[in-house]
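Student: Mind having a look at this structure? Questions to follow.
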Amino acid sequence: MTAQYFIHNQWIFYLLMLWVMPWKGVALWKASRNSHKIWFIALFLLNTLAVLEIIYIFFFSKKKEKDVSEKSASSENN
């Protein structure tokens, strides 16, 4: 029953792909830039229909003030 439903309604699959792919791309990019290896692996392997990706982007991908100030200080010294 379920397989037949998706065969006849393939637009649902395409709509889900259009929803998930941008979120996954941004989340993976941010995890990579922030050197969050565990997050990168989890985001890459788990398919949560963009729920985990949205949580990561808005709550865990923020750089801490200490990290930002250390990087700016080291670039000023060079």
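Student: How far apart, in nm, are the 7 Å Cα→Cβ label points at I12 and I38?
Tutor: Taking the two extended label points, one gets 3.5 nm.
Student: Short version: ³J(HN,Hα) in whole Hz for each residue of region 49-61, in order, from phi by Karplus 6.51 cos²θ - 1.76 cosθ + 1.60 (θ = phi - 60°), x for Gly and Pro, what are they?
Tutor: Calculated HN-Hα couplings, in order: 6, 6, 5, 5, 5, 5, 4, 5, 4, 8, 10, 10, 8 Hz.
Student: Using θ = phi - 60° and the Karplus form 6.51 cos²θ - 1.76 cosθ + 1.60, what ³J(HN,Hα) does each residue of region 4-10 get, whole Hz, x for Gly and Pro?
Tutor: Ordered by residue, 3J(HN,Hα) equals 5, 4, 6, 5, 7, 10, 5 Hz.
Bear in mind that the values in this text are calculations on the coordinates, not laboratory data. Keep in mind that this is a model prediction, so the values were computed, not measured. Cβ atoms come from the backbone with ideal geometry, glycine included; neighbour counts cover every protein chain shown.
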